Amino acid sequence: MANTSTYKGIYAMHKYWGKKPFNEISKFIEQYSVPGETVMDCFCGSGVTLIEAVKAGRKAIGVDLNPIAIKLAKVSMTVVEIEKINKTFKDIKEKLQKTINSLYEMEYDGEQTMVTHTIWKNDVPIEVWYCTDKEKKKVRVGNNIDVRMCNEPPIAPKWYPESVMYENSRINVSKEQKVSDLFTPRALVGLSLICDEIKKIEDENLRAVFELTLSGTLSQASNLVFVIRGRKKNEGELSKAEVGSWVIGYWVPEEHFEINVWNCFENRFKRILKGEQEIFELFFDKTDDYMNQHLDLINGSATDIPIEENSVDYVFIDPPHANRILYMEQSLMWNAWLELDSNINWNDEIIVSEAKDRKEKNTDNYNELLDSAFAEISRVLRPGKYFSMAFNCLDDDMWIDILNLFVAHGFEIRDIVPLEYSATSVIQDNRKNALKTDFVLTFQNTGNEEISRIVFKNDDMDLRDRINEVLKDNPEYEVYNVMNALFELTIPKGYIYKVSKIVKMCAEIME
Ligand SMILES: C[S@@+](CC[C@H](N)C(=O)[O-])C[C@H]1O[C@@H](n2cnc3c(N)ncnc32)[C@H](O)[C@@H]1O
């Protein structure tokens, strides 16, 4: 069942797209490996597989091309004393809170006020939320002073990133757009002061916690925060504005919020702190030596993994799905602020991108690189061991291409099961007949190069009969169960039915 508890604690510290539900991943780790063995995720993203592997007493190897992913995974598995974290936050607060808040303070209606939120529409402050000594939230219309305070803040900014983003209309990045264009001048001052203070933290692990607090703050402190407005019943008028949050892409809505930077930072810190408390509880008894022996994080490419052959006992991966989420283009905002963007290996990213200057990132390149990654997995995975991959696709050609990629590398299919998304996931596909879950395909590294390629069988009558047979014996089956049963039946014979047809026919039969 969908599980809303999936993204709490560690997993709620920082956004990352495509995070997998930890409780589901841990079941695969338990099923296909034993304590002491080595589990690898060479598309590790935020590190869910690795965290679950180490929690379960396995050794974990994580590879990702995206620097922020590796940082996130590292922080998520490094114990830092909670007292030190609190003390450092207190120091930063003492140094900066007043200064940053002064960027939002002004006299209004005879009172000293501080702006918490401004709603900008076409560069006009149409609504301003502010607080006074007595009241937490008051609302007024914006004025020229708001415009001036935002665009000409009285304090000079420290360093902030001016990295140029890849022009890509799909994620709303225009020509020559810079990361800094996503923020108001006032927000840049606040964020750059925080960034500067964080750089002064000497302890590397402690600094990393605050770097993530900063990168986790960015979206809410940017112009990407849209305004949620419902309609009042019967009246047709707009109801009160509510604060949205960044989901995906760099779309600056015509009407967007600008939120007080200090409040954004403090709120993010509270989440980070909860995550840090969980990290402490999970790993406080693991010495540095233990962690060094049990966790290997590599900021590199799955197509060239710097580890020895036959050294891994189980692989779980969740590679990018073609052009669905542009991981590194979308992470540039984070990577740039943390100065992690100078050596990014864009060439090896396994992605299909519509960016103007990434023309080579097409389907052929995607398949080629994925093929190299599979070759690497087959090299490092011990013979007879298992390899699982999360996959969600209704495109028949992609299913057969993927299955054949495995076959070509000597993997034999053993299992196909659904992986439930959390109810809070926004990347679900809710079209009718869509596969509402990811599937996890599990293969065994048999090294058998004799397995022949899998082909499609186009025989609707035959497919209908098979589905009816499966459902007769198992009337409780859902579409994915039927798919699994059919795959189990036909793959050993060298063919599959088209996934789209299975889904469509199941819907008709099950109606
Ligand atoms: C679907 S995400 C993984 C999310 C992860 N399962 C989690 O729970 O956070 C896919 C990841 O593949 C990474 N990636 C893309 N090309 C890669 C490559 N050549 N080598 C390693 N990682 C790559 C992306 O940076 C992204 O983090």
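The values are calculated or read from the model by the stated rules, or taken from the named source; none is laboratory data. Every value quoted in this text rests on a predicted model; they were computed, and no experiment measured them. For neighbour counting, all protein chains shown are included, and Cβ atoms are generated from backbone atoms with ideal geometry for every residue, glycine included. Side chains are part of the model used for accessible areas, which takes the heavy atoms of the whole protein and leaves out ligands, DNA and RNA. Shrake-Rupley method; radii C 1.70, N 1.55, O 1.52, S 1.80 Å.
Structural remarks
- Loop-located chymotrypsin sites (Phe, Trp or Tyr not before Pro) in the stretch 93-192, at most 15 other Cβ atoms within 10 Å (DSSP): 159
- In summary, the lysines within cross-link reach of residue 457, defined as a Cα separation below 26 angstrom excluding same-chain residues under 8 places away, comprise 432, 436, 472, 493, 498, 501, 504.
- Counting only residues at least eight positions apart within a chain, or on another chain, the lysines with an alpha carbon under 17 Å from that of residue 121 are 240.
- Anchor residue 359: lysines whose Cα lies under 23 Å away (excluding residues fewer than 8 positions away in-chain): 175, 178
- Residue-count net charge about residue 120 - beta-carbon cut-off 13 Å; Lys, Arg +1, Asp, Glu -1: -4
- Furthest towards positive pole of dipole, 160, 264, 106, structure part the chain, Cβ charges: 106
- In this Cβ point-charge picture (+1 for Lys and Arg, -1 for Asp and Glu), the chain has a dipole of about 1420 debye about its Cα centre.
- Bridge type composition, the chain - antiparallel percent by DSSP, nearest 5: 70 percent
- Within the stretch 20-79, none of the chymotrypsin sites (Phe, Trp or Tyr not before Pro) combine a DSSP coil assignment with at most 11 other C-beta atoms in a 10 angstrom radius.
- The chain: angle of helix 204-221 to the longest principal axis, Cα-based, in degrees nearest 10: 80 degrees
- Positive-end ranking of 454, 118, 191 along the dipole of the chain, with charges on Cβ about the Cα centre, is headed by 118.
- Residue pairs, from the table 93/200; 15/361; 8/87; 84/286, whose Cα atoms sit over 20 Å apart: 15/361; 8/87
- Sites listed here are chymotrypsin sites (Phe, Trp or Tyr not before Pro) in the stretch 296-390 whose DSSP assignment is loop and whose Cβ has at most 10 other Cβ atoms within 10 Å, and the list is empty.
- Only Lys, Arg, Asp and Glu carry charge here, each on its Cβ (+1 for the first two, -1 for the last two); on that basis the stretch 244-351 has a dipole of about 460 debye about its Cα centre.
- 12 Å beta-carbon shell around residue 252, net charge (K/R +1, D/E -1): -4
- The residue list 441, 479, 80 was ranked by how far each Cα lies along the charge dipole of the chain toward its positive end, using unit charges on Cβ atoms, and 80 comes out on top.
- Accessible surface of the stretch 82-273, 1.4 Å probe: 47 percent of it comes from carbon and sulfur atoms.
- Here the dipole of the stretch 454-511 is about 280 debye; that uses its Cα centre as origin and unit charges on the Cβ of Lys and Arg (positive) and Asp and Glu (negative).
- The stretch 117-165-the stretch 444-471 distance, computed between alpha-carbon centres (Å): 60 Å
- For the chain, the longest principal axis of the C-alpha atoms and the axis of helix 185-199 are separated by about 70°.
- Accessible solvent surface per residue of the chain, calculated while the other protein chains remain in place, 1.4 angstrom probe, Å²: 46 Å²
- Note on residue 245 and residue 200: with the Förster distance fixed at 41 Å, the Cβ-Cβ geometry gives a FRET efficiency of about 0.90.
- Helix 396-408 vs. the chain, principal-axis angle (Cα, 0 to 90°, nearest 10): 70 degrees
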